[in-house]
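Participant: Quick one: the structure is below, questions incoming.
Only the coordinates and a few stated rules stand behind these numbers; no lab work does. Only a predicted model underlies this, so the values are computations on that prediction, with no experimental measurement involved. As a convention, Cβ positions derive from the backbone with ideal geometry for all residues, glycine included, and neighbour counts pool all protein chains shown.
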Amino acid sequence: MWFALALVVVVSFLLYVCAFGGSSSGPIGRLHDVMTDCGFARRILGKCFGPRCFKCMETVEDYCCWRPNPVLQLFYLGLMGGGFVLYWTHSCPQMPNPRLPLWHKILSYFVTAGGLAVFTAACCSDPGTITASSLHRYSRVPYDGALYTPKMCRTCMLPRPARSKHCVICNKCVGRFDHHCPWLNTCVGENNYRFFLSFLLYHALLCFYSTYLHGMIIYHLAVDVHRLSEAYYLDEAGNPQAVTWMQCVQYMFMHYNIIVAIGVFCVVIGFALIGFWGYHMWLVWGNTTTNEGFKWSDLKESLKRQKRQAEGLPPKAKVKVEMPRNIYHRGFLSNLGEVLWPLSSRKHDGFVEARAVGGVALGFPPRREAATAEDDESDAEEEDQAEDDTPEPVEGVAAGGHAHAE
């Protein structure tokens, strides 16, 4: 029994790491990188089965990891569908009972349908795709000179607004980019961040509600049906002894293993989801994103490296550096307002707002009319060459004397 329960907990935890660990820069993120690194398995299979297998594994990895695909969306639907079938066949027949009235059974159907509706809304909503016609909508925040400076996207051939990023999987620029979510098969950005948070919170509450239902079903079966509170066994001397709670658990697991497993699985996934939701609410508190969290970490390491070099210290010496202020943090209520009511969806007047805050319109002024066509062509070639020579992430000095990273 303990082995089965431990297996359910371990599988639930590994599922959480694979699904959401990519957004963490801590131990969970490092474990996610190890688990999702296909290079080792690809090399082993290539050695064992030849170059054809190696090429096949490369194709599979490219499709699953670097292309939009519905694999995890289908997996989510399989989890929801399979879980509901198990609930229908094993848990529903135990309701109603003295511990759970009929309305819980009816409500469970609507709760499941609500989860599918929230998932569909999160998948189908636009994350904030930046195009030539929508560029002005996503250019209403200034460049901070630390993480973001005026720059062209060499793929979309558009000025890149502050807080945006080009997603290599979706192959498009996204405003206020947070991360690419394979569960939704889309990026999480300015326009759909609220739906992503709703998806996490709703499914966490759904899992906790399912845990409550199965806990009450098990309690009803143990106390009202099998009357384990009154059960006893005879010891070696023939004297009656009351059963322990551990024996009750073993008995219930042996006779109702599916119901117990569903309850344990839901409580583990519920805590994982509510923890991930809490992490993103912490990001909202400081008005930062998952992508910017990695950028701040890279910037901090870059500043430390520069300080060690300037002071002639060993490469791993501990030093303290002063980080630039996050100019996008304007208080929790204002930060939350930007999530619930994105800046790009508010009333706009062309690039007026962008010019007012020193956004993308000021970063790319129009060329001088007196310039000749020959000069324009030469300037363009020099700009392209300079951009190609720029390393990623960029390390240098930005406004205010701080190093910046792309």
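Participant: How big is region 146-208 by the Kirkwood estimate over distinct Cα pairs, in Å?
Facilitator: For region 146-208, the Kirkwood estimate is 13.0 Å.
Participant: Relative contact order, percent, of region 107-187 when contacts are C-alpha pairs under 8 Å separated by at least 6 residues?
Facilitator: 27 percent
Participant: Once you have the alpha carbon radius of gyration of region 156-308, what is it after dividing by 2.2 N^0.38 Å, with N set to its residue count?
Facilitator: 1.71
Participant: Please report Leu343, Leu213, Leu336 as a ranked list, fewest other C-beta atoms within 10 angstrom at the top and most at the bottom.
Facilitator: The order, fewest Cβ neighbours first, is Leu336, Leu343, Leu213.
Participant: From the P(r) of region 77-220, could you give the percentage of C-alpha pairs in the tail past 20 Å?
Facilitator: Roughly 58 percent, once rounded to a whole number.
Participant: Now a separate question. Starting from the amide H of Val188, placed 1.01 Å from N in the peptide plane, find each other amide H under 5 Å away whose residue is 5 or more places distant or on another chain.
Facilitator: Placed amide hydrogens put Asp178, His179, His180, Cys181 under 5 Å from Val188.
Participant: Follow-up. Among Arg305, Arg140, Arg154, Arg194, rank each residue by its count of other Cβ atoms within 10 Å, from fewest to most, as a rough exposure measure.
Facilitator: Result, fewest neighbours first: Arg154, Arg305, Arg194, Arg140.
Participant: Continuing with the same structure: How high is the relative contact order of region 166-247, given as a whole-number percent (alpha carbon pairs under 8 Å, six or more residues apart)?
Facilitator: Over region 166-247, the number comes to 12 percent.
Participant: Summing +1 for each Lys or Arg and -1 for each Asp or Glu, what net charge is found among the other residues whose Cβ lies under 14 Å from the Cβ of Lys316?
Facilitator: Net local charge, Lys316 excluded: +3.
Participant: Identify all lysines with a Cα-Cα distance to Lys320 below 18 Å; exclude those on the same chain that are fewer than 8 residues away in sequence.
Facilitator: Cross-link targets: Lys295, Lys300, Lys304, Lys307.
Participant: Among the lysines, which fall within straight-line cross-link reach of Lys347, defined as a Cα-Cα distance under 29 Å, with same-chain neighbours fewer than 8 residues apart omitted?
Facilitator: Lys151, Lys165, Lys172
Participant: Could you check the simple spin-label distance between Lys347 and Trp282, using points 7 Å along Cα→Cβ, in nm with one decimal?
Facilitator: Going by the 7 Å Cα→Cβ label model, 3.9 nm.
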